[in-house]
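Enquirer: This structure is in structure tokens; I'll ask about it shortly.
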Amino acid sequence: VKGDFPAAEAALHRFDRIWQAGAAADLGQLLDGTRLLDLKASLRRHQGRFEESLGLLAQALAASRSEEATARLLLKKSATLEQMGDWQGAIEALEQARPLIESHGDLRARFGLEFNLAACFCDAGRYGEGEALLPRVTGLAVELGNGLDLLRCRWLRGRLAAGQGRLAEAVAELESVTGELVALAIAFDAGQACLDLAEIYLRQGRAVEVKRLSRQMVAVFRAQQVHREALAAVILFHEAAEQER
């Protein structure tokens, strides 16, 4: 959650060792082994290792012992597919999860379902559909009472505004979100929000600011060992330099 992936990797290695050492004491399988798999899958998704993420989730889905766990795993599968650019696959995974989530009424899962769907619509260029979901998504975030959820809603609102050409509104929202993520020291998310912001700056012809942000983002993404995002920042820097010329 804090966006420190090398530390998360080290923690999972330690978790693996402890889990294996204690396996003989849990003959009745009281502990849910799918949690280890889905936490690893989330980290692999953030690291851009998408096929590994999907493989771990497939293992977890095969071993799932409850509808609640299956719904949670389908939400994570949808997030991985969305990051891969397979928006239709992501939406299908969400629709598969919907009856499970609606029957159990878990607030966190309901928020994840609607938020992920709105994000898929945004990524697929279906901005109107994404924006139509925002009031419901934001209402669920308010019910949860989690400030980080509300921050992510504002981030999504900024991206949807940018997609519909409301650039001034998008910049104001994303500048605020980026500042809050930096203050919270959530490095990876702050870098991703900066990518979204820099892309809008480029559309506004603000090449100097794009180059400044890109330098900062490359350092953040290299530290987190996420090369796809680092490359995206380099490309933005290059496009800004070309724009200046």
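Enquirer: Kindly provide the set of residues from the range 119-145 that are surrounded by 20 or more Cβ atoms within 10 Å (Cβ to Cβ) and of a type in the set (Gly, Ala, Ser), ordered by number.
Expert: Ala119, Gly130, Ala141
Enquirer: Restricting to the range 18-66, count the residues that are touching a Phe, Trp or Tyr at 6+ places or on another chain (Cβ under 7 Å) and more than 30 Å from Ala230 (Cα to Cα).
Expert: Going residue by residue through the range 18-66, those that are touching a Phe, Trp or Tyr at 6+ places or on another chain (Cβ under 7 Å) are 36, 43, 46-47.
With the extra rule that they be more than 30 Å from Ala230 (Cα to Cα), the set shrinks to none.
The qualifying residues number 0.
Enquirer: Give the residues of the range 189-199 that are out of contact with any Asp or Glu (no Cβ under 8 Å at 6 or more places or on another chain) and open to solvent by less than 20 Å² (accessible area, probe 1.4 Å), sorted by residue number. Before the answer, list the steps.
Expert: Start the filter on the range 189-199 by keeping residues that are out of contact with any Asp or Glu (no Cβ under 8 Å at 6 or more places or on another chain), which leaves 189-190, 193-194, 196, 199.
Within the range 189-199, Asp189, Ala190, Ala193, Cys194 meet the criteria.
Enquirer: Another one. Would you check which residues across the range 59-75 are open to solvent by 60 Å² or more (accessible area, probe 1.4 Å) and under 19 Å from the mean Cα position of the chain (by Cα) and list them? Before you say what the answer is, go through the steps one by one.
Expert: So in the range 59-75, the residues open to solvent by 60 Å² or more (accessible area, probe 1.4 Å) come out as 59, 62, 65, 67-68, 72.
The one that is open to solvent by 60 Å² or more (accessible area, probe 1.4 Å) and under 19 Å from the mean Cα position of the chain (by Cα): Arg72.
Yes/no per residue for (1) within 21 Å of the chain's Cα centre (by Cα); (2) crowded, with 20+ Cβ neighbours inside 10 Å; (3) modelled with pLDDT under 90; (4) over 29 Å from Glu9 (Cα atoms):
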{"residue": "Tyr201", "(1), (2), (3), (4)": "no, yes, no, yes"}
{"residue": "Gln204", "(1), (2), (3), (4)": "no, no, no, yes"}
{"residue": "Val208", "(1), (2), (3), (4)": "no, no, no, yes"}
{"residue": "Arg215", "(1), (2), (3), (4)": "no, no, yes, no"}
{"residue": "Ala219", "(1), (2), (3), (4)": "yes, no, yes, no"}
{"residue": "His227", "(1), (2), (3), (4)": "yes, no, yes, no"}
{"residue": "Leu231", "(1), (2), (3), (4)": "yes, no, yes, no"}
{"residue": "Ala240", "(1), (2), (3), (4)": "no, yes, yes, yes"}
{"residue": "Gln243", "(1), (2), (3), (4)": "no, no, yes, yes"}
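Enquirer: Right, here's the next one. Hey, Leu100 hits all of (1) within 27 Å of Leu133 (Cα to Cα); (2) over 16 Å from the mean Cα position of the chain (by Cα); (3) hydrophobic (A, V, I, L, M, F, W, C); (4) crowded, with 21+ Cβ neighbours inside 10 Å but one; which does it fall short on?
Expert: (4)
Enquirer: Which condition number does Leu148 fail, the rest of (1) in contact with an Asp or Glu (Cβ under 7 Å, 6 or more places away or on another chain); (2) surrounded by fewer than 22 Cβ atoms within 10 Å (Cβ to Cβ) being met?
Expert: Exception for Leu148: condition (1).
Enquirer: Got at least one residue in the range 76-88 being without any contact (Cβ under 8 Å) to a residue 12 or more places away in the chain and surrounded by 14 or more Cβ atoms within 10 Å (Cβ to Cβ)?
Expert: yes
Enquirer: Going by what's in this entry, would Val177 be described as touching a Lys or Arg at 6+ places or on another chain (Cβ under 6 Å), open to solvent by less than 10 Å² (accessible area, probe 1.4 Å) and assigned to a helix (DSSP H, G or I)?
Expert: Details: touching a Lys or Arg at 6+ places or on another chain (Cβ under 6 Å): yes; open to solvent by less than 10 Å² (accessible area, probe 1.4 Å): yes; assigned to a helix (DSSP H, G or I): yes.
Here the answer is yes, as Val177 does meet what is asked.
Enquirer: Turning to a different aspect of this structure: Considering only residues that are part of a loop (DSSP other than H, G, I, E, B) and open to solvent by 60 Å² or more (accessible area, probe 1.4 Å), look in the range 29-58 and name the one that is nearest to Ile186 (Cα to Cα).
Expert: As a first pass, look at the range 29-58 and keep what is part of a loop (DSSP other than H, G, I, E, B): 29-33, 47-49.
If we keep only those that are open to solvent by 60 Å² or more (accessible area, probe 1.4 Å) as well, we get 29-31, 49.
Numbers: Gln29: 35, Leu30: 34, Leu31: 30, Arg49: 20 Å.
This residue is Arg49.
Enquirer: On the basis of being in contact with a Gly (Cβ under 9 Å, 6 or more places away or on another chain), assigned to a helix (DSSP H, G or I) and among the hydrophobic types (A, V, I, L, M, F, W, C), does Ala7 make the cut? Explain how you work it out, then say what you get.
Expert: Details: in contact with a Gly (Cβ under 9 Å, 6 or more places away or on another chain): no; assigned to a helix (DSSP H, G or I): yes; among the hydrophobic types (A, V, I, L, M, F, W, C): yes.
Considered against the rule, which asks whether it is in contact with a Gly (Cβ under 9 Å, 6 or more places away or on another chain), assigned to a helix (DSSP H, G or I) and among the hydrophobic types (A, V, I, L, M, F, W, C), Ala7 comes out as no.
Enquirer: If you don't mind, there's one more thing I want to ask. Could you list all residues from the range 136-161 that are free of Cβ contacts under 8 Å to residues at least 24 places away in the same chain and more than 18 Å from Ala193 (Cβ to Cβ)?
Expert: Once the filter is applied, which keeps residues that are free of Cβ contacts under 8 Å to residues at least 24 places away in the same chain and more than 18 Å from Ala193 (Cβ to Cβ), the range 136-161 yields Arg136, Gly139, Val142, Gly145.
The values are calculated or read from the model by the stated rules, or taken from the named source; none is laboratory data. All values derive from a computational prediction rather than experimental measurement. Virtual Cβ from ideal backbone geometry, glycine too; neighbours counted across all protein chains shown. When the accessible area is computed, the model is the full protein with side chains, heavy atoms only, and any ligands, DNA or RNA have been set aside. Shrake-Rupley method; radii C 1.70, N 1.55, O 1.52, S 1.80 Å.
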